[in-house]
Amino acid sequence: MKRVFSGIQPTGAIHLGNYLGAVKNWVAYQQDYENIFCIVNSHAITIAQNPDTLREKTYELAMILLACGIDPKKSHLFIQSEIDEHTALSWILDCNIAMGEMSRMTQFKDKSQKNPKNINVGLFNYPALMAADILLYQAELVPVGEDQKQHLELTRNVAERFNRDFGECFKIPEALIPPIGARVMGLDNPETKMSKSANGANHAIFLQDSADEIMKKFKKATTDSQGVIAFDKNRAGIYNLLGIYEAFSKKSKDEIEKHFANKGYGDLKREVAEIVIESLRPIQERIQQLKNDRSYVMDVLKDGAFRAREIAAKTYREVKDRIGLV
Ligand code: TRP
């Protein structure tokens, strides 16, 4: 089985966009691949974090991933900072990446513009740590969205260069393009991707929102004045609502258009809200159970780290050896 490495930051709440665009696919990948799921808390500190909140969010994210269907019997789930080899390899990669190459990363430019008061060296080096995450595990596939493609490209480049200069050491990873192209947009502004940092109260549906909150947010979703319910990319609001319905209903686009043929936007919003509420309910119940069974979650993470560490340590030992670090 091919090995997949996925990383997710423990910052902010998980929303419908993260779920449909990433986590739901990760759960599905467990059928076909060997999966390594890493909660990348060391990446999170490139932006200022409150220590207690970061710790809580880290464990909470583990619970959410388990509740969504990540199965610790099939996959490795662990916390990045528990394995020192990530930051150690990152240093070695730093010494093999040119300033110019790193300076081309557009996410650094975006993030430093958004946080002009905290442009730290870690934020600049972020892609080297991400490369280390992937290369340590000899991952063949990495699910990445548009915003991370450039980082994966850098990972491939540094790995190829390292292999050439010091001998075959790393597998060259490839992007894993998700089977279902669910791209969830903000409910208040369907022209922009749903994001955890947008501040509109009706922008995002969070996995832990109550049924009332979900219904209220969908009712306020931005639509248009055409009154026709059809999959039309030019009408972003309706297209987004139908896309969410499609992702949960498992019906075809044709069936969905027929289903809504004689209905109004009010019905559409209510039915989308209902299917989201119903689909999230079992996940929410499971999150609650896991919150009451913290020791189980801790055991899963400990076991995940134990197995991941073996793989990471082997690669790191070989890398050190190749470059003459004693
Ligand atoms: N940078 C990724 C993001 O913000 C998270 C991440 C860190 C990651 N390390 C990774 C993703 C390794 C894939 C592989 O989404």
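Since every read-out is calculated from the coordinates, none of them should be taken as a lab result. Just so it is clear, the structure is predicted and the values come from calculations on it, not from any experiment. Note: ideal-geometry Cβ built from the backbone for every residue, glycine included; neighbour counts use all protein chains shown.
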Seminar exercise, completed: For the stretch 92-199, listing GluC sites (Glu not before Pro) in a DSSP loop whose Cβ sees at most 11 other Cβ atoms within 10 Å gives GLU168, GLU191
Exercise. SER279 versus ASP267, label points 7 Å from Cα toward the beta carbon: distance in nm?
Worked result: 2.1
Problem set entry | Most to least packed among 310-319, 283-292 [average Cβ atoms within 10 Å] | 310-319, 283-292
Exercise. For the pair LYS219 and ARG307, how long in nm is the line joining their label points, each one 7 Å along Cα→Cβ?
Worked result: 4.6
Problem set entry | Length released on extending from ASP212 to ARG164, taking residue separation times 0.36 nm less the Cα-Cα span | 11.5 nm
Exercise. Roughly what % of DSSP beta bridges within the chain run antiparallel, to the nearest 5?
Worked result: 10
Exercise. To the nearest 10 degrees, how steep is helix 236-249 against the longest Cα principal axis of the chain, on a 0 to 90 scale?
Worked result: 80
Exercise. Which order, highest average first, do 253-261, 212-220 follow once you tally other Cβ atoms within 10 Å for each residue and take the mean per peptide?
Worked result: 212-220, 253-261
Exercise. Taking the Cα-to-Cβ direction at SER197 and at SER295 and moving 7 Å from each Cα, how far apart do the two end points lie in nm?
Worked result: 4.0
For this session: Let me have the relative contact order for the stretch 181-326, percent, based on Cα pairs under 8 Å that are six or more residues apart.
Result: 19
For this session: Would you mind checking LYS73/LYS196; LYS111/LYS233; LYS74/LYS291 for any pair whose Cα atoms are more than 26 angstrom apart?
Result: LYS73/LYS196; LYS111/LYS233
Exercise. Quick one: which of LYS57/LYS117; LYS117/LYS220; LYS117/LYS193 span more than 32 angstrom between C-alpha atoms?
Worked result: LYS117/LYS220
Seminar exercise, completed: A correct Stokes-Einstein calculation for the chain, using the alpha-carbon Kirkwood radius, 37 °C and 0.692 mPa s, returns a whole-number D in µm² s⁻¹ of 155
Seminar exercise, completed: Computed over the stretch 92-145, the Cα gyration tensor eigenvalues, each multiplied by 5 and square-rooted, give semi-axes in Å (largest first) of 22, 14, 10
Seminar exercise, completed: Largest first and rounded to whole Å, the semi-axes √(5λ) derived from the alpha carbon gyration tensor of the stretch 203-326 read 45, 21, 12
For this session: For GLN113 and ASP254, compute 0.36 nm times the residue count separating them, minus their Cα-Cα distance, and round to one decimal in nm.
Result: 46.4 nm
Exercise. Pick from THR11, THR155, THR46: which residue has the top mean-square fluctuation in a GNM of the chain where Cα pairs under 10 Å get a spring?
Worked result: THR46
Seminar exercise, completed: Note: GLU318 to LYS233 extended length (0.36 nm per residue) minus current alpha-carbon separation gives 25.6 nm
Exercise. Please state the relative contact order of the stretch 72-178 as a whole percent: Cα pairs under 8 Å, 6+ residues apart?
Worked result: 28
Exercise. Mind ordering 54-64, 232-242 by average Cβ neighbours within 10 Å, highest first?
Worked result: 54-64, 232-242
Exercise. Looking at the stretch 52-137 from every direction and averaging, what is the projected area of its Cα convex hull in nm²?
Worked result: 7.3
Exercise. Alpha carbon centre of the stretch 202-251 versus the stretch 262-281: separation in Å?
Worked result: 8
Exercise. What per residue convex hull volume, in Å³, comes out for the stretch 157-218 when only alpha-carbon positions are used?
Worked result: 152
